[in-house]
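Just so it is clear, none of the values below were taken in a lab; they were calculated from the coordinates. Predicted model only: the values in this text are computed from it and were never measured. Here Cβ is always computed from backbone atoms with ideal geometry, including for glycine, and neighbour counts include all displayed protein chains.
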Amino acid sequence: MNINTANAEELDKLLLGVGPDKAAKIIEYRQANGFFDTPEALSNVKGIGAATVEKNRERIQL
């Protein structure tokens with residue numbers, strides 16, 4: 001899934017360990033800071049850690 005274009009509902013459903021609150025934070029971060037340039041950049045979102053990025057690496061597209 002492209003984390004730069006997915007909406008909060010899609011992020012919530014498709015990313016493991018990401019519920020509606022974290023999905024909303026991903027959207028807020030993206031709106032404030034622009035597109036993610038690497039999967040690891042997702043860990044800049046409060047509440048998303050390196051472990052969440054790793055378990056979703058196969059699901060993350062840019």
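Considering E10, E54, E58, E28, the condition of being among the acidic types (D, E) and not in a helix (DSSP H, G or I) is satisfied by E58 alone.
Are any of the residues in the stretch 35-47 over 10 Å from the mean Cα position of the chain (by Cα), without any contact (Cβ under 8 Å) to a residue 12 or more places away in the chain and in a loop (DSSP other than H, G, I, E, B)? For the stretch 35-47, residues over 10 Å from the mean Cα position of the chain (by Cα), without any contact (Cβ under 8 Å) to a residue 12 or more places away in the chain and in a loop (DSSP other than H, G, I, E, B): absent. Q61 fulfils the conditions (1) polar (S, T, N, Q); (2) loosely packed, with under 12 Cβ neighbours inside 10 Å; (3) out of contact with any strand residue (DSSP E or B) (no Cβ under 7 Å at 6 or more places or on another chain) except for a single criterion, (3). Can T52 be described as hydroxyl-bearing (S, T, Y) and exposed (fewer than 12 other Cβ atoms within 10 Å of the Cβ)? No: the conditions fail for T52. Scanning the stretch 13-25 for residues that are assigned to a loop (DSSP other than H, G, I, E, B), surrounded by 11 or more Cβ atoms within 10 Å (Cβ to Cβ) and more than 9 Å from the chain's Cα centre (by Cα) yields a count of 2.
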